[in-house]
1. Determine the relative contact order of the chain: mean sequence separation of Cα pairs under 8 Å and six or more apart, normalised by residue count, in whole percent.
2. How tilted is helix 441-452 with respect to the longest principal axis of the chain? Cα atoms for both, answer in degrees (0 to 90, nearest 10).
3. If you take the beta carbon distance between residue 534 and residue 399 as r and set R0 to 30 Å, what does 1/(1 + (r/R0)^6) give as a FRET efficiency, to the nearest 0.05?
4. Neighbour counts of other C-beta atoms within 10 Å: give me 160, 539 arranged from fewest to most.
5. Order of 119-125, 296-302, 491-497 by packing, highest average Cβ count within 10 Å first?
6. From the mean inverse distance of alpha carbon pairs (Kirkwood) and the Cα radius of gyration, derive Rg over Rh for the range 456-558.
7. Per the Kirkwood treatment, what hydrodynamic radius in Å, one decimal, follows for the chain from the mean inverse distance over all distinct Cα pairs?
8. Return the long-range amide H neighbours of residue 544 (sequence gap of 5 or more, or a different chain), with a cut-off of under 5 Å between placed amide H atoms.
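Read the figures in this text as sums done on the coordinates, not as results from a lab. All values reported here derive from a predicted model rather than from experimental measurement. Glycine also receives a Cβ, built like all others from the backbone with ideal geometry; neighbour counts cover every protein chain displayed.
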Amino acid sequence: MATNTIDAGLLAKMFLAGAKNLEVKKEWINELNVFPVPDGDTGTNMTLTIMSAVKEVNSLTEVNMYNLSKAISSGSLRGARGNSGVILSQLLRGFTKKIRDYQELNAEILAEAMEKAVETAYKAVMKPKEGTILTVAKGAAEKAAELAPESEDLNAFIEDVLAHAEYVLSQTPEMLPVLKEAGVVDSGGQGLLTVLQGAYDAFLGKEIDLNFEMPEAKTEFVRPSKETEKEIKFGYCTEFIIMLENPLPDEEVYAFKDFLNGIGDSIVLVADDELVKVHVHTNDPGKAISKALTYGQLTRMKIDNMREEHQERLIKNAEKIAAQQAEEDKKRKEAAKQPPKENGFIAVSIGEGIKEIFQGLGVDYLIEGGQTMNPSTEDMLTAIEKVNAKNIFILPNNKNIILAANQAKAMTEDKNIIVVPTKTVPQGITAMISYVPEKSAEENEEAMTEGIQMVKTGQVTYAVRDTHIDEKEIHQGDIMGLGDHGLLAVGQDILTVAEETIRAMVDEDSELISIYYGEDMSEEDAESLGEKIEQAYPDCDVEVNYGGQPIYYCVVSVE
């Protein structure tokens, strides 16, 4: 028997099933991103966005079309992260705005709602680009509009719309050459199709697990250092000295070292005729000790639980951060009692060094996140609420956060929000330097926006998978130098790639080169890089600053 309509109860199940399908497949969608960088990725951003709406839907005590629409729209808007998440939230906003006053949905209403969804999403993006999630949504809506007048069976209608959406997605590499070169379809479009496919499964009555983990979004993604990875893999630092009964022949020393390699790493083994000094990281100190006892007696034995030490460091760091946060909250509460000041500033940042630079330039509130986890619209709204100022400048410092900032602006009524479209941290720093307190908010917006146009940014990080970009082969673990418009350098050595990246950015008009080194680059290496750049470009001023950012060994600006 043909199904002609969808009521609120079924739509709620379809929405939750779509969200579940996205949650399950988010890592696969992440893998479709063109640049293999360890950032907050499309699948993650879309999942966190829709999970915010899931939370609202699951909290409903009464499910009718109006309440369901409001929950989906409000939850996704506030939880939106990254460009793909914001666009998804706008699609959901437009769709639910059209359906909220109906008790049941048929093909024609669904087609009109899809059209409204596309219209709303396109309006939210300043320069819509084809070959993206927008194109897939538009293709599905156009097919729905074509089929709706003749469709009485929703099963066939949805199946045909989905088939066309899948076809449009398959064509995205033909619209965006960068997708074709990397051999992938658009990740945002795939995310949207994944939601729709999950919803269709629920429509068909398939058994779907609708239990959600509801993970809290992390505002920091820290790549473990090599030492931390070793501590996690082999937990006990084991040291001792063997007092030999007889000198060990070389082949026996090598055999003992091979044995230790089989049970751990970070091995140091120094032998002479009477003593052997041993150091090894292992999960089974007893095996190392038992083997050593076959050569002689042991002395100066020391076994440390590195996981425990690591946990203690994490606890101390957490206590320190909590104390700092409490102090900052205290200052903000005191400031909130005062009359609002004329101008306030919010910046997205990560890394202690970058944080201190922004604070030194007068930023009132820093949102943790940036490259490694895109903040949500809700994070922006919270920051806006805590800054006691009439005009608030927001510096997103990431091209994938600008839409969320603009969405927060649209949702704020009691303050004048000015989003300066900074795409990188160096642009944000330049924007703050360009601010002049004596000028009006409008004049400063113009000056700050003009100032960031003069900044070129390069970022050095590592590849998380194999791919092909800008006619260059990239392998997992390679070091990459990324510029404002693509890949600038690839190699195996961090400093070499950083130097090549800077060389690709500098031209005859360049005057200032700033290097912000991250937590995975030593001060010595950063200073060495700075010296090389000074020698190569004597007419430029070169600054080396501690950024402390994870993931990116260094961030470079050229002005």
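1. Dividing the mean separation by the residue count of the chain yields 13 percent.
2. The angle comes out near 50 degrees.
3. It comes to 0.50.
4. 539, 160
5. Highest-to-lowest ranking by the protection proxy: 119-125, 491-497, 296-302.
6. 0.96
7. With all distinct Cα pairs of the chain included, I get 26.7 Å.
8. 515
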